[in-house]
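Beneath this line is the structure, given in structure tokens, with notes to follow.
What follows draws every value from the coordinates through simple rules; no lab data is involved. Note that this is a predicted model, so its numbers are computed, not measured. All Cβ positions, glycine included, derive from the backbone under ideal geometry; neighbour counts span all protein chains shown.
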Amino acid sequence: MEPLRPGDPRTVGRYRLEQRLGGGGMGRVFLGRSRGGRVVAVKVVRPEFAEDDGFRRRFTREVEAARRVGGFYTAQVVDADTEADPPWLVTAYIPGPSLEEAVTRDGPLPLSRIIPLGTALAEGLSAIHACELVHRDLKPSNVILAEDGPRVIDFGIARALDAASGTASRILIGTPSYMSPEQADGGTVGPPGDVFSFGAVLAFAATGRSPFGTGTAQAVLYRVVHDEPDLEGVTEPLAELIAACLAKDPADRPAVGDVLDRLSALDETATRPLPPEPEPEPTTAVESGESAEHAGLTIWNLGAEKLDVVIDGTSVHNVDHRDQATIHLPPGTHTVQVLAGRHHGVLRRVETRPGATTRMIFDVPRRRSGAAPEQVDELVFTKFRLGALEEIAVLAVLMPVTYALIGIPLLFLHSKIFGGANWTEHLGSTALAMVGVGVVLFIRSRTSRSPRLTLHPGGLTFDPGRRGRRKVIDWDAVHQISVLYSGRNSELVVWFRDGHRPAIGRNVQGGTFVCKVSDLFVRKGGGTLDTGLKWFAGDAYVEQWRVGDGRVP
């Protein structure tokens, strides 16, 4: 929770707001109290959606339907005002971490915890579908692990928000890693779409990662639609069920009732008495499990090749390119070394604490052959430019070729058309002139500044070079930051928190333009930029992309 910020409302309807719970691209969520003292979650829709009449009509219909959703596995809707400016929705407040937070902090869940989790989620979806609602954004962060069991949240307005985004902002809203193929293709989404997302959530709980990997939205969506899920590490009985839920064709997926039956069968198998296990071996420096005494070490890999993580002299994990992994360690001091092939990074000492996670991010320098991985304190994106000797070599090749192809023919034509002295007499002076032009271009190239974007723990800085004013943005002022992908016109856009928006750029989709991605040297697909924003901006980074004619470019 966070304190209320300047510009946040202090009351909404009959509810007094006390703290911020979070928010996203669609609205803000506050901790509030009713007049009788009951604690509630108050969700306030962003103004740009409130101005869409189509959104308000769908919002009204679906809030009325959401009021009928009961059961033990959802957050009950207790109040709403669809005519307010902006509209708001009040649900029961459910204390507890999200599934995403719990797995990131403590590691994947064992089968004995996944089965009751899956049963609870399936019953929650059954209650939602019975009211003719479709969640459409089921993901680990929308599953709250309450003391009395898991709860599904944010089902009441998901469909209304998708409809508004499609007509008003033309931004496709959703989480690519947990989105069904039919939703990614812009098709009709029904209960089978929620079953697909359910399977992806169970895979995350069992492995700590999405079954379709990470990367740009386009890359993840392509894998969702065309590739088979990565279920390595999931035990076989559960893997079979998850694979069925993740079928590409909605007709091939089991119904929610069938999912419940299969989970019950798995539960009976998992609870059968097992023969006694042998005494455990003495624990090593690196341990797995869920003990609260363990600490976490998260390694991020920005590079384009796999990294090998060596802790206390033992190779314990491989981290794929543009991916992350969390390793569980006993508290204390450990030596950490990261290898890229045969190239060893610097040996570092890391202090880990109980219940805490230490984060480290590594990259491999791109322009040095056989370079060792280096820990990153900041990321810099700029235009690719040649070195001084490389530029001289390029000019030495291009100038004679240009002179032979353009300069000599022009001199010859000029002498034939206008007469005068023999054109061959001007060859030397023209050649000297071209050398002079080349020297001027070289000096201008070496003294000019290229656009430069720097990401660091405190925020970001964009220096446009000679073409504009330098922009400095603190992460504390950022509500959301996204790369809106659209081919060569992709743009980095920031949505500021209330009261923090500076006059630094034009308006784009309700946010503020920072720079064009094409102005920077970014790897194909933007993978490093996306990963850097996830690392430095945290929850403020939201994957978004432009859509047209129902297809992702």
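Data for the structure
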read-out: Burial order of peptide ranges 342-350, 243-251, 88-96 (average beta-carbon count within 10 Å, highest first); value: 88-96, 243-251, 342-350
read-out: Most to least packed among 324-337, 226-239 [average Cβ atoms within 10 Å]; value: 324-337, 226-239
read-out: Ranked by how many other beta carbons lie within 10 Å on average, peptides 257-263, 195-201 from highest; value: 195-201, 257-263
read-out: Net length gained if the chain between THR461 and ARG38 were fully extended (0.36 nm per residue, minus Cα distance); value: 147.9 nm
read-out: FRET E, pair SER315, ILE417, Förster distance 56 Å, beta-carbon r, rounded to 0.05; value: 0.15
read-out: ASN489 paired with VAL78, simple spin-label distance in nm, labels 7 Å along Cα-to-beta-carbon; value: 4.7 nm
read-out: Extension reserve of the ASP85-ALA255 stretch, reckoned as 0.36 nm per residue once the Cα distance is removed; value: 57.3 nm
read-out: Extension reserve of the ARG506-GLU232 stretch, reckoned as 0.36 nm per residue once the Cα distance is removed; value: 94.1 nm
read-out: Chymotrypsin sites (Phe, Trp or Tyr not before Pro) restricted to region 201-230 and DSSP loop, no more than 16 other C-beta within 10 Å; value: none
read-out: Inter-site label distance for ARG348 and ALA396 at 7 Å from Cα along Cβ, in nm; value: 4.2 nm
read-out: Nearest-20 debye value, region 1-81 charge dipole, Cβ charges on Lys, Arg, Asp, Glu; value: 320 debye
